[in-house]
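Taking it in order: structure first as structure tokens, then the write-up.
The values are calculated or read from the model by the stated rules, or taken from the named source; none is laboratory data. Nothing here was measured: the structure is a model prediction, and the numbers come from that model. Cβ sites come from the backbone with ideal geometry, for glycine too, and all protein chains shown count toward neighbours. The area values use the complete protein model at the heavy-atom level, side chains included, leaving out ligands, DNA and RNA. Shrake-Rupley method; radii C 1.70, N 1.55, O 1.52, S 1.80 Å.
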Amino acid sequence: MSAARTRWRRPRYPAWMRAAAALVAVAALAGCGAVAGARALVGLAPAPAKPGWTSVTLAAAADANADSALAVDIVLVKDKAMLESLSAMSAAKYFGARENLQRTFPEALTVLAVEITPGQQIRLDAKRFAKERAWAALVFANYAAPGEHRLRLLLDNAGYVLQLNAQEFSASDIKPGSAR
């Protein structure tokens, strides 16, 4: 006598139950960050970018910084936690901590340091920053006057002109095809 084999049959669920289960699974994965991890694996997640700037020009007014030389740092931030920290710092606090930050976190930021005198104009070409990848770019100007003296530059612009005035500075983006 041979024992009859019974086959196990998987129960069939209606289509609406299968769709609901799929939605619950996707929602659970999205909540735990698995979707973001999967997007990163296939190259769809946000990533540091190279600056698209062809140049950055610094132009100091004749009366910039009470007629004194002015230190300006363009900081390419390569770490998100460092970006949060630097975005909250004033220029005075940044310049006080700059050396320690560079020594402690050498891979987290790249600093393009420039010293400019009143009436001077300096053009930094793309060679200075073209190979770098960053989450953001911040500019700090070490004015004698109190204030934040910090700007954020977009990485996807063609370039910038930083106008350093008596007690503050501003950034103007260069439009593609414009003569600067």
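Treating only the Cβ atoms of Lys and Arg (+1) and Asp and Glu (-1) as charged, compute the dipole magnitude of segment 55-180 about its Cα centre; round to the nearest 20 debye. Computed charge dipole of segment 55-180: roughly 380 debye. Heavy-atom accessible area for residue 68, with the other protein chains in place and a 1.4 Å probe, reaches approximately 50 Å². Applying the Karplus relation 6.51 cos²θ - 1.76 cosθ + 1.60 with θ = phi - 60° to segment 57-66 yields 3J(HN,Hα) values of 10, 9, 10, 9, 5, 4, 10, 4, 6, 6 Hz, where x marks Gly and Pro. Accessible surface calculations at 1.4 Å, restricted to protein heavy atoms, place segment 73-180 at 56 Å² per residue. Its relative contact order, with pairs defined as Cα atoms under 8 Å and 6+ residues apart, puts segment 104-162 at 22 percent. Of the solvent-accessible surface of segment 100-180, computed with a 1.4 Å probe and all protein chains present, 47% belongs to carbon and sulfur. In segment 57-159, a dipole from Cβ-located charges (positive for Lys and Arg, negative for Asp and Glu) runs towards its positive end, and of 68, 105, 141 it is 105 whose Cα lies farthest in that direction. Close amide H partners of residue 54, meaning residues 5 or more places away or on another chain with modelled amide H under 5 Å apart, are 159.
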